[in-house]
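Below: one structure, written as structure tokens.
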Amino acid sequence: MKINFEEVLPQITDFLKSEAKTETIIGQAFQLGEYSCVPVMRVGMGFGSGGGEGNSPKEGRGEGMGVGGGMGMEPIGFLVTRGEAIQFLPTREKSGLASAFEKAPELMEKYFAAQKDGANAV
């Protein structure tokens with residue numbers, strides 16, 4: 001059994017091109033009132049192949065091969081525009097340090113406001 005990779009690979013590539021589109025996983029860009037929303041996604045692909053042949057005194061000659069591929073797609077957010085302003089809205093909550101840094105200005109304001117109120121109460 002011989003497989004011609006030069007013939008198979010373009011077929012696989014064409015299939016992946018047709019499937020790895022934003023419209024496939026989320027949908028096309030859309031309007032929400034005065035906001036324009038464009039989906040953003042992450043795509044990962046992997047391929048592998050292997051083959052071998054051998055001789056056995058009991059079984060005789062044998063050969064085999066395998067080919068595999070995989071693709072994963074995940075929505076990661078939306079680019080949202082309103083007039084001249086553009087903002088990225090992630091689909092997942094931020095965690096860890098990224099979340100803490102994002103909340104730092106608000107927390108500092110609350111802290112200083114509490115300190116000021118405490119100083120005025122004395």
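Where q = 0.19, 0.23 Å⁻¹, what log10 of I(q)/I(0) comes from the Debye formula for region 5-91, counting one point per Cα? At q = 0.19, 0.23 Å⁻¹ the computed log10 ratios are -0.91, -1.08.
For region 1-81, trypsin sites (Lys or Arg not before Pro) meeting the loop criterion (DSSP other than H, G, I, E, B) and having at most 15 other Cβ atoms within 10 Å: Lys2, Lys21, Lys58. Note on Lys110: aspartates and glutamates with a C-alpha under 17 Å away, same-chain residues under 8 apart excluded, are Glu102.
Tell me the GluC sites (Glu not before Pro) within region 1-73 that lie in a loop according to DSSP and have at most 15 other beta-carbon atoms within 10 Å. When the GluC sites (Glu not before Pro) of region 1-73 are filtered for loop state and at most 15 Cβ neighbours within 10 Å, Glu34, Glu59 remain.
Coordinate-derived values only; no laboratory data. Computed from a prediction, not measured in an experiment: that's the story for all the values here. No Cβ is skipped: glycine too gets one built from the backbone with ideal geometry, and neighbour counts run over all protein chains shown.
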